[in-house]
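What follows is a single structure, written as C-alpha cells, with notes after it.
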Amino acid sequence: MGSRQEADLYAPVKAFLEEQGFTVRGEVNGCDIAAVRGDDLVLVELKVAFNLPLLLQGVERQRLCDTVYLAVEAPSARSDKARWADVQRLCRRLDLGLLAVSFAAHREARVDVVCEPGPYQPRRNTKARVSLLREFHRRTGDHNVGGVTRRPIVTAYRESALLVAEHIHRLGPSRPRDIKAATGCAKAADILQSNVYGWFERERPGVYRVTPAGEEALKQYADVLPPPGEC
C-alpha cells in the first residue's frame with residue numbers, strides 16, 4: 001500500500017463509472033475525475049489513503065455538484081480497518097460518497113461503494129447518552145482537565161472510593177455499614193469488596209483498612225475528595 005500512487009486508482013474508478021454508463025474524463029478544472037451521464041455529473045477525488053486534504057477537496061467539490069465521491073485504497077491492516085468505520089461515518093455526515101479500491105495480485109482491481117453521497121441523519125445512542133449524563137451528575141465537581149492524561153480520570157466511582165479510603169484513613173479500620181452511615185456512600189461495601197484499585201484490604205472478617213496504595217492515592221487526589229455525604 002505504501003508504494004501505491006494516486007494514478008493507480010484512476011483506471012479502476014474510471015472503469016467502474018463507465019460500466020454505469022458515464023463518460024469519464026480525468027483532471028477537469030482541478031477535479032481528479034469528472035463523469036457525465038445525461039444531466040448527471042459525478043466528481044471523484046483520489047487519494048491512496050484517507051486524510052484531511054482529501055476531505056477538504058471533497059467538500060470543495062460539493063460547490064460544483066451534489067454527487068461527490070472520495071476514492072481511496074481499501075484498508076488492509078487491522079488498525080486501518082478499525083478506523084474505517086469512523087471514516088464512513090464522517091463521510092456520511094458530510095454527504096460525501098466513499099469508494100474503496102482493492103488491489104490483488106493477478107486480479108483486476110475492484111471498486112466497492114462504501115457509502116453513497118446524500119443527507120445523513122445519525123442515530124442517537126440513547127444508552128450511551130444516559131450513561132454519560134448519569135456519570136456527569138454523580139461527579140461532585142470538575143476534577144479533570146480535558147485532554148490531559150497525567151493521572152487517571154477522576155470518575156464518580158473513583159470519588160466514592162476516595163471517600164471510603166479517607167474515612168478509614170481518618171478513623172482507622174472500619175466496617176462497611178459504619179462507613180456507609182458516616183459518609184452516606186451507599187456503595188461502600190461493594191467498593192471495599194471489589195477493591196478495583198487495590199486501595200483496601202481485609203484486616204479481619206468484615207473490617208477493612210487502607211493499603212499503602214490507598215494512602216498514596218489519598219495524597220495524589222487530595223484536591224478532589226468529595227464533601228462528606230456526597231457519594
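Here are the numbers for the structure shown:
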quantity: Test: residue in the stretch 195-207 that is in contact with a strand residue (DSSP E or B) (Cβ under 8 Å, 6 or more places away or on another chain), crowded, with 19+ Cβ neighbours inside 10 Å and at negative phi; calculated: yes
quantity: In the stretch 55-73, the residues that are closer than 11 Å to Leu94 by Cα and without any contact (Cβ under 8 Å) to a residue 24 or more places away in the chain; calculated: Leu56
quantity: Residue match in the stretch 91-108 (condition: exposed (fewer than 13 other Cβ atoms within 10 Å of the Cβ), of a type in the set (A, V, I, L, M, F, W, C), modelled with pLDDT of 85 or more and at negative phi); calculated: no
quantity: Residue match in the stretch 34-44 (condition: crowded, with 18+ Cβ neighbours inside 10 Å, at pLDDT 90 or above and not aliphatic (A, V, I, L, M)); calculated: no
quantity: Restricting the stretch 140-178 to residues that are over 18 Å from Thr211 (Cβ atoms) and crowded, with 19+ Cβ neighbours inside 10 Å, the residue that is modelled with the lowest pLDDT; calculated: Val154
quantity: Residue ID - surrounded by the fewest Cβ atoms within 10 Å (Cβ to Cβ), chosen from residues in the stretch 52-83 that are within 23 Å of the chain's Cα centre (by Cα) and in a loop (DSSP other than H, G, I, E, B); calculated: Ala77
quantity: Residue within the stretch 120-127 that is surrounded by 10 or more Cβ atoms within 10 Å (Cβ to Cβ), touching a Phe, Trp or Tyr at 6+ places or on another chain (Cβ under 9 Å) and in contact (Cβ under 8 Å) with a residue 12 or more places away in the chain present; calculated: no
quantity: Candidates Gly172, Gly214, Gly184, Gly141 - the one that is in contact (Cβ under 8 Å) with a residue 24 or more places away in the chain and more than 38 Å from the chain's Cα centre (by Cα); calculated: Gly172
quantity: In the stretch 92-116, residue nearest to Leu43 (Cα to Cα) [restricted to those that are of a type outside the set (A, V, I, L, M) and touching a helix residue (DSSP H, G or I) at 6+ places or on another chain (Cβ under 8 Å)]; calculated: Gly97
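Every residue, every condition in (1) over 20 Å from the mean Cα position of the chain (by Cα); (2) within 30 Å of Asp8 (Cα to Cα), yes or no:
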position	(1), (2)
Leu99	yes, yes
Glu108	yes, yes
Gly118	yes, yes
Thr126	no, no
Ser131	no, no
Arg134	no, no
Tyr157	yes, no
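Condition check ((1) of a type in the set (Gly, Ala, Ser); (2) under 22 Å from Leu132 (Cβ atoms)) across all residues:
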position	(1), (2)
Asn144	no, yes
Pro152	no, yes
Arg177	no, no
Pro205	no, no
Ala217	yes, no
Val224	no, yes
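The values are calculated or read from the model by the stated rules, or taken from the named source; none is laboratory data. On a predicted model such as this, the values are computed, not experimentally measured, just so you know. Ideal geometry is used to build each Cβ from the backbone, glycine not excepted, and the neighbour counts take in all protein chains shown.
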